[in-house]
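The values are calculated or read from the model by the stated rules, or taken from the named source; none is laboratory data. Being a predicted model, the structure only gives us computed values, none of them experimental. For neighbour counting, all protein chains shown are included, and Cβ atoms are generated from backbone atoms with ideal geometry for every residue, glycine included.
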């Protein structure tokens, strides 16, 4: 039996930019082991399986190439793009993922906004192996949110070409690393901060941009910059992406654009 799927580049204005995610629409989720194998085979940072509950409600399950769970949030944006393509009049809806419900809006121009709950950051000591993992990069500050570590470095230009030592990152006890830098001292820059995410423990070995990471970065930067609306850049020499984030006490509203790259069928699923 063939199952249709789409690959969508998230947080970009053109194809082959941003971060790819895969979207499958299913009648039932079925065996999770099979879903994990599909995700491993398709090998995008996040794969989302969507079930239509009707009346503007959808249920989802998300996987990285080697684990179950909504780790990045890109799948929500990719799924929203496909839902809107299939139902152009549906501009507001909800996607459930486990116990969490995400409210989603899409403008006529194609901007996707997902509401995330506000988060709390914690101060933590610097892991001993972190400087070596970043090849001696100067670290300004660190913070954590659950199993993600936010690492601020001094130079945004160096962040673009930063390639951590993945073997060393794997020996540090966090599932993913959000590397960021302040861009305000640069001239003619329309971003508040830049960042890239590495998540080798989740089977993702190249730098990506993720809405969950950028919502945490908005919390990290908002009080320092005294702003409630921020623009984040995924800086990379390979793929770039932009997010707009609105911060309030209860929620983070992350907005970005998506582009469909592939539509196909998987024969083994």
- If a residue has to be in a helix (DSSP H, G or I) and exposed (fewer than 14 other Cβ atoms within 10 Å of the Cβ) to count, how many in region 25-45 make the cut? 4
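For every residue, the table says whether it meets (1) assigned by TED's automatic domain parsing to the domain that holds residue 210; (2) more than 26 Å from residue 13 (Cα to Cα).
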{"position": "121", "(1), (2)": "no, yes"}
{"position": "125", "(1), (2)": "no, yes"}
{"position": "149", "(1), (2)": "yes, yes"}
{"position": "154", "(1), (2)": "yes, yes"}
{"position": "161", "(1), (2)": "yes, no"}
{"position": "170", "(1), (2)": "yes, yes"}
{"position": "174", "(1), (2)": "yes, yes"}
{"position": "183", "(1), (2)": "yes, no"}
{"position": "194", "(1), (2)": "yes, no"}
- Item | Qualifying residue in region 106-119 (condition: assigned by TED's automatic domain parsing to the domain that holds residue 72, touching a helix residue (DSSP H, G or I) at 6+ places or on another chain (Cβ under 9 Å) and at positive phi) | yes
- Could you tell me whether residue 216 is more than 19 Å from residue 78 (Cβ to Cβ), surrounded by 23 or more Cβ atoms within 10 Å (Cβ to Cβ), touching a strand residue (DSSP E or B) at 6+ places or on another chain (Cβ under 8 Å) and in contact (Cβ under 8 Å) with a residue 60 or more places away in the chain? yes
- Item | Selection within region 140-153 - in contact with a strand residue (DSSP E or B) (Cβ under 6 Å, 6 or more places away or on another chain) and touching a residue at least 12 places away in the same chain (Cβ under 8 Å) | 140, 142, 143, 144, 148, 149, 150, 151, 152, 153
- Scanning region 164-173 residue by residue, those assigned to a loop (DSSP other than H, G, I, E, B) and either more than 15 Å from residue 203 (Cβ to Cβ) or in contact (Cβ under 8 Å) with a residue 60 or more places away in the chain (or both) turn out to be 164, 165, 171, 172, 173
- Note on the structure: Selection from region 219-238 of residues part of a strand (DSSP E or B) and surrounded by fewer than 24 Cβ atoms within 10 Å (Cβ to Cβ) yields 229, 230, 231
